[in-house]
Amino acid sequence: MSKRILIVEDELDLRSTLEFKFKSEGYTVNAVSKGKEAIDSVARKKPDLILLDLMLPDMSGLDICKKIRNNSDSFDIAIIMLTAKGEEVDRVLGFELGADDYVVKPFSVRELALRVSTVLKRREKQEETTKITLGDIEINLSSYRVFISDTEIKLTAKEFLLFKHLVQKNGRIQPREVLLEEVWGYNSSVTTRTVDTHVKRLRSKIGDIGSKIETVRGIGYRFNYVV
């Protein structure tokens with residue numbers, strides 16, 4: 001089955017070009033021009049990846065990204081942001097909200113297609129069908145759900161991937177650079193500050209288990225859970 005791509009872009013010529021390109025690549029494509037149309041489209045038929053313009057006529061692409069990431073039915077959709085804004089603060093904010101990649105206009109359509117392929121392949125690699133269990137912790141890798149003492153913990157996509165990696169490496173120090181590569185794909189626009197921010201949020205969400213995420217000064221973090 002072909003992968004589904006949702007294009008959210010208000011520039012007609014660019015939207016048509018992208019729609020033609022990805023259909024020719026074998027993807028199933030839906031294209032819309034407004035944020036509300038994008039949210040409605042996601043609710044009707046969940047795509048595998050969204051190409052999301054940051055500047056839309058009715059709402060910000062950042063707000064759309066936030067809504068998608070905060071919805072348990074859609075938070076695992078891959079998102080690549082398309083924007084004319086190139087400032088670092090915009091890139092950082094996009095990644096903080098859970099974007100998988102960020103492309104600044106004008107861009108090469110061929111390069112964008114390669115980025116789409118890379119993001120989807122990375123997601124496929126992460127979509128394993130088994131569960132990770134460690135004491136009272138259960139991580140369902142196919143549904144992106146986390147349970148602690150049989151209570152579901154609501155995490156964003158990046159928080160989920162971060163927690164999964166730390167649990168899998170239980171007892172071993174994980175340098176920030178390793179976490180960047182495993183969770184964010186080591187995009188050069190993402191900094192170690194992003195890792196620290198996500199660890200802080202993760203700790204607050206997982207209750208007493210949060211104390212098991214130890215800070216290793218000057219290096220990174222270690223999940224230290226003894227069963």
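Within region 152-159, is even one residue among the small types (Gly, Ala, Ser) and without any contact (Cβ under 8 Å) to a residue 60 or more places away in the chain? Looking through region 152-159, none of the residues is among the small types (Gly, Ala, Ser) and without any contact (Cβ under 8 Å) to a residue 60 or more places away in the chain. Just to be sure before I move on: is residue 58 surrounded by fewer than 16 Cβ atoms within 10 Å (Cβ to Cβ), out of contact with any Phe, Trp or Tyr (no Cβ under 8 Å at 6 or more places or on another chain) and modelled with pLDDT of 85 or more in the structure I sent? So residue 58 passes the test. In contact with a Leu (Cβ under 6 Å, 6 or more places away or on another chain) and either farther than 30 Å from residue 18 by Cβ or assigned by TED's automatic domain parsing to the domain that holds residue 204 (or both): does that describe residue 103? No, not satisfied. Within region 123-135, the set of residues being within 21 Å of residue 68 (Cβ to Cβ) and surrounded by 14 or more Cβ atoms within 10 Å (Cβ to Cβ) comprises 123, 126. Tally time: how many residues in region 78-98 are without any contact (Cβ under 8 Å) to a residue 40 or more places away in the chain and surrounded by 14 or more Cβ atoms within 10 Å (Cβ to Cβ)? Going through region 78-98 one residue at a time, the tally reaches 8. In region 68-94, which residues are at pLDDT 90 or above and either assigned to a strand (DSSP E or B) or within 20 Å of residue 197 (Cβ to Cβ) (or both)? Within region 68-94, 68, 78, 79, 80, 81, 82 meet the criteria.
Each residue in region 166-177 was checked for being buried (at least 17 other Cβ atoms within 10 Å of the Cβ) and either more than 15 Å from residue 210 (Cβ to Cβ) or touching a Lys or Arg at 6+ places or on another chain (Cβ under 6 Å) (or both), and 2 pass. Summed over region 104-124, the residues that are modelled with pLDDT under 90 and over 14 Å from the mean Cα position of the chain (by Cα) give a count of 3. Suppose the filter is part of a helix (DSSP H, G or I), basic (Lys, Arg) and modelled with pLDDT under 90; does residue 15 pass it? It is false that residue 15 is part of a helix (DSSP H, G or I), basic (Lys, Arg) and modelled with pLDDT under 90.
The values are calculated or read from the model by the stated rules, or taken from the named source; none is laboratory data. Here the structure is a predicted model, which is why all the values come from computation and not from measurement. With ideal geometry, Cβ positions are generated from the backbone for all residues, glycine too; neighbour counts draw on all protein chains shown.
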